[in-house]
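The values are calculated or read from the model by the stated rules, or taken from the named source; none is laboratory data. Quick caveat: nothing in here was measured; it's all calculated off a predicted structure. Note that we place each Cβ from the backbone using ideal geometry, even for glycine, and neighbour counts take in every protein chain shown. Heavy atoms of the whole protein, side chains included, go into the accessibility calculation; ligands, DNA and RNA do not. Shrake-Rupley method; radii C 1.70, N 1.55, O 1.52, S 1.80 Å.
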Amino acid sequence: MQRPIVTLPADFLHLVDTNWDVDWRGQPPGNDTGGGTSVVYNRFPRWVGSPSIVLQGSAIAQWRAIRAQAQGRVGIYRLTMVDPVGFATSAPSAGTSFEGGATFASGVGFASEPACFAAADAAAGAVQIRVENAEVAPVVGQIMSHKLWPFLVTWVSEVSPGSYDIGVQMPLRTAITAGDILKLEGEGLFEAVEDGMGQAGYNIDLVARLRLNFREVLNR
């Protein structure tokens, strides 16, 4: 069965708190006969997160529609991993306008997503890449992504203005080709951990406070 993909707009996530992290998926340690312990890692790591959000008024109805499209754990959420301490976006903008400053009739332009470009090829499994034409310098701890596969920046070294070598973890899960677009604000594919995730009850003020619970989809 083809799983439906539902895109969750980045500016829809009015965060109360967030906690994106890598689940390395190690098996629990056990004592050996000498009293030592060991941990076995034989499964692919993946990103997990349980952000809390606040919705008000019509946004609650919009979220109901998004959940219905996802059909519980059947669907896949395509979402931006909003993380203000790693990449602080400004208030939602109207996007990029046409030449001369014109916009669509609604007053908005094309969507604008902060990005940079791969300066060299990198194989799957690499833990270091070079990027160029970065709109802003990458920072340690930032979550970035390539083709919807997120990764974390572990160190940054400037090569020249706008060009940086960066360390990444988890290791790249798909090869990068020079010229590929890399998102400065990580984006990935996630599924709900439970069918009832995000059920939106609201109070007399028409405000809903929800905790979402996502895990990354690895089988694509």
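Points to keep in mind about this one:
- Distance distribution note for the range 108-220: the fraction of Cα pairs above 26 angstrom is 33%.
- Contact order, relative form, for the range 162-220: 31 percent (alpha carbon pairs under 8 Å, 6 or more residues apart, mean separation divided by residue count).
- Annotation for Ala61 and Leu8: the two label points, set 7 Å from Cα along the Cα-Cβ direction, are 2.2 nm apart.
- The modelled label-to-label distance for the pair Ala137/Ala120, using points 7 Å beyond Cα in the direction of Cβ, is 2.1 nm.
- Efficiency of FRET from Cβ geometry, Val156 and Tyr202, R₀ 45 Å, rounded to 0.05: 0.60
- At R0 = 25 Å, FRET efficiency that the Cβ-Cβ distance of Leu218 and Glu113 yields, to 0.05: 0.60
- Sulfur and carbon atoms: percent of accessible area, the range 111-159 [1.4 Å]: 51
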